[in-house]
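The values are calculated or read from the model by the stated rules, or taken from the named source; none is laboratory data. This one's a predicted model, so the numbers in the text were calculated from it and none came from an experiment. Glycine also receives a Cβ, built like all others from the backbone with ideal geometry; neighbour counts cover every protein chain displayed. Protein only, heavy atoms only, side chains kept; ligands, DNA and RNA dropped before computing areas. Shrake-Rupley method; radii C 1.70, N 1.55, O 1.52, S 1.80 Å.
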Amino acid sequence: MLAYACGIAGQFAGSRDGPSVFREALSTLPALARDISWDSWIEDSRPFSQIGPQEALRAVTGLAAGLAADARAAALRGGFPVLIGGDHSAAAGYWSGIAQAHQPRGDIGLVWIDAHMDSHTPFTSPNGYVHGMPLAALLGHGDPGLTGLLSPRAKLRPDRVCLIGTRDFEPEEAALLRTLDVRVFYMDEVRSRGLERVLDDALEIVGRAPAGFGVTLDLDGIEPGDAPGVSTPSPNGLRSDALLPGLRRLLRDRRCVGLEISEFNPSEDKDGRTLDFMLAVVANLVRDRAAGAS
């Protein structure tokens with residue numbers, strides 16, 4: 001397991017505490033903790049407000065480079081790397097590393113579960129928050145420091161990526177994804193068709209990738225009442241009782257090569273709802289992976 005204990009890429013820095021709170025909670029569950037080791041811990045306690053957009057971008061680039069190297073090494077060891085963020089700028093580093101590790105077999109796909117598109121570049125972002133840029137960077141658009149992590153090539157092919165639960169975004173990032181023809185399952189479609197049918201389509205898209213696919217979960221993709229522990233809640237999201245089995249379906253797929261859970265802000269959590277959801281996702285993953293290996 002890897003950690004990105006940073007909140008440097010957005011307005012609110014509370015997500016930097018997410019990994020440590022998760023690790024502490026995990027330590028109280030010996031049956032689960034004994035099957036998990038922490039292979040990487042990347043940390044930066046500075047808030048965005050202290051350094052501004054240019055320095056934040058430089059800092060994230062350095063942090064993401066370290067995370068990319070650690071994620072690549074973890075994947076090459078043959079395990080199933082799980083990343084606990086931190087703000088969602090973590091995705092640029094983590095998935096660059098996972099993609100590079102699997103590159104000999106070809107491209108990977110990615111299921112991006114999020115209220116937001118995270119597809120700005122420094123030229124389109126209205127605020128300079130780097131946590132709004134990682135998907136664009138992985139697709140090869142944006143600051144060269146982020147797009148060029150480990151390799152100058154784009155880490156993801158647009159036709160092997162899909163977004164689920166999207167509902168809060170700016171026109172510029174929507175235009176980029178539309179130009180690239182990335183499939184976006186907006187929240188209206190999820191509600192009308194049902195998550196199960198959307199996941200059928202998502203698996204068809206990411207299943208085209210010869211090296212497997214990953215899952216990135218920004219916790220603000222979930223309905224805030226179910227998972228309040230996030231910095232940028234967005235109403236009318238995915239319900240946790242439907243998403244938990246949906247995630248289990250994705251992660252049990254033998255083609256799945258990695259999981260990222262980001263944007264947990266413990267200071268905003270209520271009654272441990274968000275933390276409990278994270279623990280349930282990881283517990284299901286550990287249990288299912290162990291059963292598959294036996």
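Listed values, structure above:
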{"item": "Output for segment 68-91, where each listed residue is assigned to a helix (DSSP H, G or I) and either more than 9 Å from the chain's Cα centre (by Cα) or surrounded by fewer than 24 Cβ atoms within 10 Å (Cβ to Cβ) (or both)", "result": "ALA68, ALA69, ASP70, ALA71, ARG72, ALA73, ALA74, ALA75, LEU76"}
{"item": "In segment 111-166, residue farthest from LEU259 (Cα to Cα) [restricted to those that are of a type in the set (D, E, K, R) and touching a strand residue (DSSP E or B) at 6+ places or on another chain (Cβ under 9 Å)]", "result": "ASP159"}
{"item": "Single condition ASP118 does not satisfy, out of (1) among the charged types (D, E, K, R); (2) over 14 Å from the mean Cα position of the chain (by Cα); (3) open to solvent by less than 20 Å² (accessible area, probe 1.4 Å)", "result": "(2)"}
{"item": "Any pair with Cβ under 6 angstrom, 6 or more apart, that starts in segment 182-204 at a residue that is open to solvent by less than 20 Å² (accessible area, probe 1.4 Å) and among the β-branched types (Val, Ile, Thr) and ends at one that is at pLDDT 95 or above and part of a strand (DSSP E or B)", "result": "VAL182/PRO158; VAL182/VAL161; VAL184/LEU163; VAL184/THR166; VAL198/PHE185"}
{"item": "Conditions (1) basic (Lys, Arg); (2) touching a residue at least 60 places away in the same chain (Cβ under 8 Å); (3) surrounded by fewer than 14 Cβ atoms within 10 Å (Cβ to Cβ): number failed by ARG34", "result": "(2)"}
{"item": "Filter pass, PHE213 being buried (at least 16 other Cβ atoms within 10 Å of the Cβ) and under 19 Å from ILE36 (Cβ atoms)", "result": "no"}
{"item": "Evaluation of ASP143 against (1) in contact (Cβ under 8 Å) with a residue 60 or more places away in the chain; (2) open to solvent by less than 30 Å² (accessible area, probe 1.4 Å); (3) touching a Pro at 6+ places or on another chain (Cβ under 7 Å) (one fails), failing number", "result": "(2)"}
{"item": "Count - residues of segment 1-43 that are under 21 Å from TRP95 (Cβ atoms), in contact with a Gly (Cβ under 7 Å, 6 or more places away or on another chain) and either part of a helix (DSSP H, G or I) or of a type outside the set (Gly, Ala, Ser) (or both)", "result": "7"}
{"item": "Scan of segment 254-279 for residues that are under 22 Å from LEU110 (Cβ atoms) and either β-branched (Val, Ile, Thr) or loosely packed, with under 15 Cβ neighbours inside 10 Å (or both), ordered by number", "result": "ARG254, VAL257, ILE261"}
{"item": "Answer residue from segment 44-61, given it is assigned to a helix (DSSP H, G or I) and polar (S, T, N, Q) and is surrounded by the most Cβ atoms within 10 Å (Cβ to Cβ) among those", "result": "THR61"}
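One line per residue, one yes/no per condition, for (1) touching a strand residue (DSSP E or B) at 6+ places or on another chain (Cβ under 7 Å); (2) among the hydrophobic types (A, V, I, L, M, F, W, C); (3) closer than 30 Å to ASN284 by Cα:
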site: LEU26; (1), (2), (3): no, yes, yes
site: LEU32; (1), (2), (3): no, yes, yes
site: ASP35; (1), (2), (3): no, no, yes
site: TRP38; (1), (2), (3): yes, yes, yes
site: GLU43; (1), (2), (3): yes, no, yes
site: PRO47; (1), (2), (3): no, no, no
site: GLN54; (1), (2), (3): no, no, no
site: ALA59; (1), (2), (3): yes, yes, no
site: LEU63; (1), (2), (3): yes, yes, yes
